[in-house]
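So the structure is just underneath, and the comments pick up after that.
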Amino acid sequence: MGEKRMIPCLYLYQGQAAAGREDRQLFHSGSVEEIGRFYSDNGADELLVFDLSDTDVEHEKAIGKIKELCERSQAPVTAAGNIRRMEDVKKFLYAGCHRVFLDFSDDSQAGLLKEASDRFGKEKIAAGISNMTEFLAHKEMIEQYAGAVFGTVDMLKECILSSDISLFVFASEGAAEEDVLELLRDVRVHGICGDWIGRMERPIMEFKRVCAQHQIPVNLFESKIAWKDFKLNNEGLIPVIVQDYQTDEVLMLAYMNEEAFKATLRTGKMTYWSRSRKELWVKGMTSGHFQYVKSLTLDCDNDTILAKAEQVGAACHTGNHTCFFKELASREYDDTNPLKVFQQVYDVILDRQKNPKEGSYTNYLFEKGIDKILKKLGEECTEIVIAAKNPDKEEIKYEISDFLYHMMVLMAEKGVCWEDITRELARR
């Protein structure tokens, strides 16, 4: 039996997060990105976002908001609502969604299932079922073309799905915890979704620990090496080096005792022992600059932890992103880290776009516009093909470099950054 997934729901109305499908009142701060990030950083395995917009204009704005949510959330996002045509499915997926939820109470959405599955893949499409009549009327089609089913508790009375379809059950807000645990014990249920798990006062990580105590498999943050096997300093502490999980930039050095280590695992927030104050401290508790854990690794001597974390705001109390900013000595060297080089070149291109420089070839391309940029990109692509037919490796390196430069000019022109590209590649 695989790990059970916890999937809170967000409702998007007029660009803000709403409390539910019916009342559409603003939910807490109303910030979709903030609330989505809260859920993903606090144990949600996936987010289900319903677009409740009333007009095409609002729908387009909602897609933009969902794109921002996908960029900020570490949990995959499933999108639902206001799907009238295949183009809507495509827009949600291109916005970065993990999959799209088709509501089978709407015949027009149900009718898109086969086409969407054929075009984007079964794993990208989920069927939303509100009652058994809907399910039984479309059971054969759902089993053939849907990769997941989101349904009600009533479905469990009769529902027998083929083994390759994941069934997620909506748990109502008023459900008792024991009833939810009983749902998760069912081998047919791959996880729960809805308002019960979405209540912000119910810590998802804490509920996952309750599940684990009941032998229900969940995705928990647990150490593979026991604290007793760590080599501690004479104060009973272990140093922790913290890196930005995306850039590998070293952010800070701090210390943990056993209590801090266990709190970090339990909450998913980096927690340390203050040697000066002699007390536990959660990074960001006063400043809001939390560090959300992505991974913890022990070194070869078992005496130092390397933490990769998502840093909110600045890591340093001075306001610097990293505590390591005072240069002592350095030599000139070529940094050929691919992502850094790509980003540096891209940043120069962006600077030329914002601050034109006389005689700049980059500015010449921007001034001529998209057609000129595309023409040059096509020419460079052809040059790569020609170079590839020749035995000289240096020639193809030169042509690929030309192509990548012109591609980055196109990226800047269209507002696409390297993070957009790497995130899309990672999803694939």
Efficiency of FRET between residue 3 and residue 384 - r from beta-carbon atoms, R0 51 angstrom, step 0.05 = 0.70
With θ set to phi - 60° and the Karplus curve 6.51 cos²θ - 1.76 cosθ + 1.60, what are the ³J(HN,Hα) couplings of segment 236-251 in order, to the nearest whole Hz, using x for Gly and Pro?
-> x, 10, 10, x, 10, 8, 10, 10, 5, 5, 8, 9, 6, 5, 6, 9
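Taking only C-alpha pairs under 8 Å that are 6+ residues apart, what is the relative contact order of segment 293-426 in percent? Intermediate results must be reported in sequence, preceding the final value.
On the way: 85 pairs, mean separation 21.6, N = 134.
Relative contact order, segment 293-426: 16 percent.
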Taking amide H positions as placed 1.01 Å from N in the peptide plane, with prolines and chain starts having none, which residues 5 or more places from residue 17, or on another chain, fall under 5 Å of its amide H?
-> 27, 30, 31, 32
If ligands, DNA and RNA are left out, what is the accessible area of residue 301 with a 1.4 Å probe, given in Å² to the nearest 10?
-> 80
Between the DSSP loop rule and a limit of at most 12 other Cβ atoms within 10 Å, which GluC sites (Glu not before Pro) in segment 212-268 are left?
-> 222, 235
Relative contact order of segment 80-161, defined on C-alpha pairs under 8 angstrom at six or more residues apart (%) | 26
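Based on the Cβ-Cβ distance of residue 423 and residue 345, what FRET efficiency does E = 1/(1 + (r/R0)^6) give at R0 = 22 Å, to the nearest 0.05?
Approximately 0.70, to the nearest 0.05.
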Working with all protein chains in place, sort 423, 199, 266 by solvent-accessible area computed with a 1.4 Å probe, largest first.
-> 266, 199, 423
Restricting to the chain, what percent of DSSP beta bridges are antiparallel, rounded to 5?
-> 40
From largest accessible area down, sort 418, 273; use a 1.4 Å probe on the protein chains.
-> 273, 418
Mean residue ellipticity (222 nm) of the chain, computed from DSSP H runs ≥ 4 via -39,500 (n - 2.57), nearest 500 | -12000 deg cm²/dmol
For the chain, averaging the sequence separation of alpha carbon pairs under 8 Å that lie six or more residues apart and dividing by its residue count, the contact order in percent is 10
Under-5 Å amide H pairs with residue 103, H placed in peptide plane, nonlocal only | 81, 128
Segment 130-137 - phi-based ³J(HN,Hα) in whole Hz, Karplus 6.51/-1.76/1.60, Gly and Pro as x | 9, 7, 5, 4, 4, 5, 5, 5
So how far, in whole Å, is the C-alpha centre of segment 305-324 from the one of segment 197-219?
-> 29
Under-5 Å amide H pairs with residue 4, H placed in peptide plane, nonlocal only | 218, 219
Segment 284-291 - phi-based ³J(HN,Hα) in whole Hz, Karplus 6.51/-1.76/1.60, Gly and Pro as x = x, 4, 9, 8, x, 8, 5, 10
Label points 7 Å out from Cα along the Cβ direction at residue 285 and residue 374: separation in nm?
-> 5.7
With label points built 7 Å along Cα→Cβ from the Cα atoms of residue 153 and residue 247, find their separation and express it in nm.
-> 4.8
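The values are calculated or read from the model by the stated rules, or taken from the named source; none is laboratory data. Note that the structure is predicted; figures quoted are calculated from it, not measured. Every residue, glycine as well, gets a Cβ built from its backbone with ideal geometry; the counts of neighbours run over all protein chains shown. We work out accessible area using only protein heavy atoms, side chains counted, and drop any ligands, DNA or RNA first. Shrake-Rupley method; radii C 1.70, N 1.55, O 1.52, S 1.80 Å.
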